[in-house]
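Shown next, in structure tokens, is the structure this report addresses.
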Amino acid sequence: MDREWNDNQPIYRQVRDRVVAMILDGVLKEGDPLPSVRNVAAEYRVNPLTVLKGYQELVEERLVESRRGLGMFVNSGARSLLLQGERQKFLGEEWPRVYATIQRLGLKAEELLRDGGGRPESSETGDAAGEPSSDAAKERD
Amino acid sequence: MKMKGFFLPVLLVSLSALAQAQAAAPKPPVPKSDAQKAFEQLKTLAGTWDAKVSVTPPMPDMDTGKPSQVTLRVTSRGNALVHEMSEIDAPADPTKYDHPVTMLYLDSDKLTLIHYCDAGNRPRMTARASEDGKTVEFDFVDISGSTKYGHMHHAVFTLVDANHHMEDWTYMMPGDKPIHAHFDLKRADVVTGTK
């Protein structure tokens, strides 16, 4: 787990999101136990109640189950449930913004898919205002 | 007429002496309200405490590793008590670390608690003390800020002795599902002599 917290949402939501990322990335597999509340609290210097809040959200979302006295475990089907939810979230919330940007910049599908959707060709580097992107500038340095 | 001229100064001197005697006499102490007594009781907790934490729903391994830490500080000339939770060794950097802060103060005849939550809200609770004054229980009154991410809902302070107390905190998750943490606290100042 990343040790840095951002200011955009409560820490317990970020704990939840990090466990979700670990499940999606396959770091936590179905049937695996979640790291203990105490260990996460000590290692990431957060209140144990904060960690528990994050875990409890995952229980509510049926991604993990609480086994009395044993801890919390990733449910079977959690990854596909997450993928389904995350896909819907991307298509519903993020994709419209991305699509609008693509339209605004006049990007073509082949440009987006080139090198796995990475960076544009060197002659085209820069944003719409003609300024070089920071990535491109770093490369030149 | 002569008698009248004699008695008037004597009377005035006597009244003055009486008034001075009354002013000098100790006033009977105003009895403290239950809220004041409870607040005084909680202020005795000022200091640094190491906490063993257990939670509900129950989780294993809660006794392993370093304890959590709670600090209580009397401030504002005795008008407020600051309660702060943190993990041992966590730098006092509120932008990066989890430092839930709670303020306790007297609001007229009510001992009041406001919890400043990183969920972005501020629940207000008021206290009722047990008969023996050893337990002070705070019930939810109202809240300011968003409850999108839930809110702290209930708190209980139980005083065992000068170096031992317990705290029970109940957080209400979205959908009004409670989770609970029990803090068993030993005074760290005594253990480490670092007060």
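Worth pointing out:
- Filter result (in contact with a Leu (Cβ under 7 Å, 6 or more places away or on another chain) and in contact (Cβ under 8 Å) with a residue 12 or more places away in the chain) within region B:51-72: B:Ala51, B:Val55, B:Val70, B:Leu72
- Options A:Val37, A:Val98, A:Val46, A:Val19; residue that is out of contact with any strand residue (DSSP E or B) (no Cβ under 7 Å at 6 or more places or on another chain) and closer than 30 Å to B:Pro91 by Cβ: A:Val19
- Test: A:Leu34 is of a type in the set (A, V, I, L, M, F, W, C) and in contact (Cβ under 8 Å) with a residue 40 or more places away in the chain: yes
- B:Met85 among the aliphatic types (A, V, I, L, M), within 12 Å of the chain's Cα centre (by Cα) and under 22 Å from B:Met173 (Cα atoms): no
- Residues located in region B:80-106, provided they are within 20 Å of B:Asp168 (Cα to Cα) and in a strand (DSSP E or B): B:Leu81, B:Val82, B:His83, B:Glu84, B:Met85, B:Ser86, B:Glu87, B:Val101, B:Thr102, B:Met103, B:Leu104, B:Tyr105
- Cβ pairs under 6 Å, 6+ apart, first in region B:83-101 and over 17 Å from A:Asn8 (Cβ atoms), second modelled with pLDDT under 80: B:Ile88/B:Lys66; B:Ala90/B:Tyr97
- Scanning region B:48-79 for residues that are part of a strand (DSSP E or B) and charged (D, E, K, R) yields B:Asp50, B:Lys52, B:Arg73.
- Of residues in region B:121-135 being farther than 21 Å from B:Gly145 by Cα and of a type in the set (S, T, N, Q), the one modelled with the lowest pLDDT: B:Ser130
- Residue match in region B:118-139 (condition: in contact with a Pro (Cβ under 7 Å, 6 or more places away or on another chain), buried (at least 17 other Cβ atoms within 10 Å of the Cβ) and assigned to a strand (DSSP E or B)): no
- Where B:Arg77 falls short, out of the listed (1) surrounded by fewer than 11 Cβ atoms within 10 Å (Cβ to Cβ); (2) within 14 Å of another protein chain (Cβ to nearest Cβ): (2)
- The set of residues from region B:90-114 being polar (S, T, N, Q) and either in contact with a helix residue (DSSP H, G or I) (Cβ under 6 Å, 6 or more places away or on another chain) or over 13 Å from B:Phe138 (Cβ atoms) (or both) comprises B:Thr95, B:Ser108.
- Condition met for B:Ala181 (assigned to a strand (DSSP E or B) and at pLDDT below 95): yes
- Subset of region A:31-80 that is of a type in the set (D, E, K, R) and under 19 Å from A:Pro10 (Cβ atoms) - its residue that is surrounded by the most Cβ atoms within 10 Å (Cβ to Cβ): A:Lys53
- Test: residue in region B:85-93 that is at pLDDT 85 or above, more than 9 Å from chain A (Cβ to nearest Cβ) and crowded, with 20+ Cβ neighbours inside 10 Å: no
- Within region B:136-195, the residues that satisfy the criterion of being β-branched (Val, Ile, Thr) and in contact (Cβ under 8 Å) with a residue 60 or more places away in the chain are B:Val136, B:Ile179, B:Val191, B:Thr194.
The values are calculated or read from the model by the stated rules, or taken from the named source; none is laboratory data. This structure is a prediction, so every number in the text was calculated from the model and none was measured. FYI the Cβ positions are ideal-geometry reconstructions off the backbone, even for glycines, and counts take in every protein chain you see.
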